[in-house]
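Here's the structure we're looking at; comments come further down.
The values are calculated or read from the model by the stated rules, or taken from the named source; none is laboratory data. Quantities reported herein were computed from a predicted structural model and do not represent experimental measurements. Don't worry about glycine lacking a Cβ; one is built from the backbone with ideal geometry, like all the others, and counts go over all protein chains shown. Each accessible area value is taken on the protein alone, full model and side chains, heavy atoms only, with ligands, DNA and RNA left out. Shrake-Rupley method; radii C 1.70, N 1.55, O 1.52, S 1.80 Å.
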Amino acid sequence: MKKIMTLLTIGVVGYLAWERLKPAPPPPPPPPPPPAILIEPAPVIDPVEQAKIVKSADDPDPEVRWEAVVLLDKMKSPEAMPLMLRMLQRDMDTNLRTKIVELLGDRNPPQAMQALSGALSDQEPEVRLAAIRALEKIGDYAAAPVLSAGPIRDQEEAVRLQALKTLNALQDKKHLEIEAARKAYEAQSQGAVEQKR
């Protein structure tokens, strides 16, 4: 019986010693780098060539000017937004101004809102319509007073109609946000009551 107890004690002490002295597991490997698709692509041209693209924005052909703006925007050039704003104010080609307004509808910096608000007083109804649609796409409630102050009384029926549709869409968005906040509050209150039980 003493031999069994001695063997059992040696076994337990040996196991405890092994657990204490065994080497720590290696740290996990570092996470892999993000896939190439998630990394921001570098511009395809250097800054010297970018300066040439900026000069192409003054080309007599409106298609060349448009492609220059699109390229600068895709490269996230700091020259892109000021160039678009300048073209909206000064370019004579209606189609180009309309395209720029549509492009600004995919952006949401304060400069875009300011430019779109300015485009609401453009001479051409197509540009004004595009500006109203772009403001609806952005969905900023700050556009509501601007729309009700001007485009809602525009000479063109299509512009007035689009201004009303955009105001309706902004109102619907506001209603949905309030409803979602109300439901979230009710769910949170319900959870707090259930936790107290």
Of LYS76/LYS165; LYS99/LYS173; LYS74/LYS165; LYS55/LYS76, which sit over 22 Å apart, Cα to Cα? LYS76/LYS165; LYS99/LYS173; LYS74/LYS165
Can you sort ILE138, ILE10 by solvent-accessible area, 1.4 Å probe, largest first? ILE10, ILE138
Give me the Debye-computed log₁₀ of I(q)/I(0) at q = 0.12, 0.24 Å⁻¹ for the stretch 1-108, equal point scatterers on Cα only, no solvent, two decimals. -0.60, -1.26
For the stretch 49-197, max minus min Cα coordinate along each principal axis, in Å, sorted largest first? 74, 42, 17
By accessible area of protein heavy atoms, probe 1.4 Å, what ranking do THR9, THR94 get, highest first? THR9, THR94
Just to be sure I understand the model, the point goes 7 Å from the Cα along the line to the Cβ. What's the resulting GLN89 to GLN190 distance in nm? 5.4
Highest-MSF residue in the chain out of ASP154, ASP46, ASP58 [GNM, Cα springs under 10 Å]: ASP46
Pulled fully out, how much extra length does the chain show between MET5 and ARG20, if you take 0.36 nm times their separation in residues and subtract their Cα-Cα distance? 3.2 nm
Note the full-extension length gain between ARG182 and ASP46 as 0.36 nm times their separation in residues minus their Cα-Cα distance, in nm to one decimal. 43.8 nm
If one compares the long axis through the Cα atoms of helix 125-138 with the longest principal axis of the Cα atoms of the chain, the angle in degrees, nearest 10, works out at 20
Expressed as a percent, the accessible surface of the stretch 1-142 that is carbon or sulfur, using a 1.4 Å probe and the full set of protein chains, is 64
Give the angle, between 0 and 90 degrees and rounded to the nearest 10, that separates the Cα long axis of helix 94-104 from the longest principal axis of the Cα atoms of the chain. 20
Using alpha carbons only, how many degrees (0 to 90, rounded to 10) separate the axis of helix 47-56 from the longest principal axis of the chain? 30
Could you tell me which GluC sites (Glu not before Pro) in the stretch 140-197 are loop residues by DSSP with no more than 12 other beta carbons within 10 angstrom of their beta carbon? none
Averaging sequence separations of C-alpha pairs under 8 Å and six or more residues apart, then dividing by the length of the chain, give the relative contact order as a whole percent. 11
Read phi for every residue in the stretch 146-158 and hand back ³J(HN,Hα) as whole Hz from Karplus 6.51 cos²θ - 1.76 cosθ + 1.60, θ = phi - 60°, with x for Gly and Pro. 5, 5, 6, 7, x, x, 5, 10, 5, 5, 7, 4, 4
